[in-house]
Amino acid sequence: MRWMHLIPIILVIQGLQAQTPAKTLNELKAFYAANCVKCHGPDGSGQTHEGKKLGGFDFTDAAKTAKESDADLIRTIRKGLFFGIKMPSFQDRLTEDDIQLLVKEILRKAEKGKVIAP
Ligand code: HEC
């Protein structure tokens, strides 16, 4: 059975993935509260001191966010903005799955005045 030598490789790959388990929705909300609130505000509307200064984007403004595709939002979270000066990059701390969940289930569902928290 020539394919048998692949088994250790598969086990190693699975082991590596297990080191970065996907975050749950509540963990991502906590991550937002810890890392994004400063600029984007507790509810995502960006009405913080820092958010206003930076021209913070309002996630609770459905008409405005509708113009941005998921891919655009995901790319911004991954790469940050203006070399991390306007907004830091989060690709070292969030997996691609984490970022997708964050965009689809948290940012897209942000409501004005409703605090994003676990
Ligand atoms: C240091 C301030 C800062 C922090 C911290 C920050 N952001 Fe941002 N973010 C910005 C600014 C400024 C913009 C640009 C807003 C604009 O002009 O469109 C932005 C834009 C974005 C956009 C794209 C909106 C668009 O214009 O399409 C997303 C998505 C986003 N931020 C998500 C996040 C998430 C999620 C976190 C936390 C994990 C985070 N940001 C943390 C400042 C910040």
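Using only Cα coordinates, the Kirkwood hydrodynamic radius of the chain works out to 15.6 Å.
Only helices enter this figure: runs of n ≥ 4 DSSP H residues, each worth -39500 (n - 2.57), summed and divided by the residues of the chain, yield -11500 deg cm²/dmol at 222 nm to the nearest 500. Each residue, A117 and M4, gets one label point 7 Å from its Cα in the Cβ direction; the gap between the two is 5.8 nm. Around the amide H of M87, modelled in the peptide plane, lie the amide H atoms of L81, all under 5 Å away and 5 or more residues distant in sequence or on another chain. Measuring nothing but how far apart in sequence close Cα pairs (under 8 Å, 6+ apart) lie, relative to its length, the chain scores a relative contact order of 31 percent.
In percent, rounded to a whole number, the relative contact order of the range 56-118 is 36, using alpha-carbon pairs under 8 Å and six or more apart. Stretching R93 away from A66 to a fully extended chain increases their span by 7.1 nm, per 0.36 nm per residue minus the current alpha-carbon distance.
No value in this document is a laboratory result; all are computed from the given coordinates. No experiment lies behind these values; they were computed from the predicted model shown. Glycine also receives a Cβ, built like all others from the backbone with ideal geometry; neighbour counts cover every protein chain displayed.
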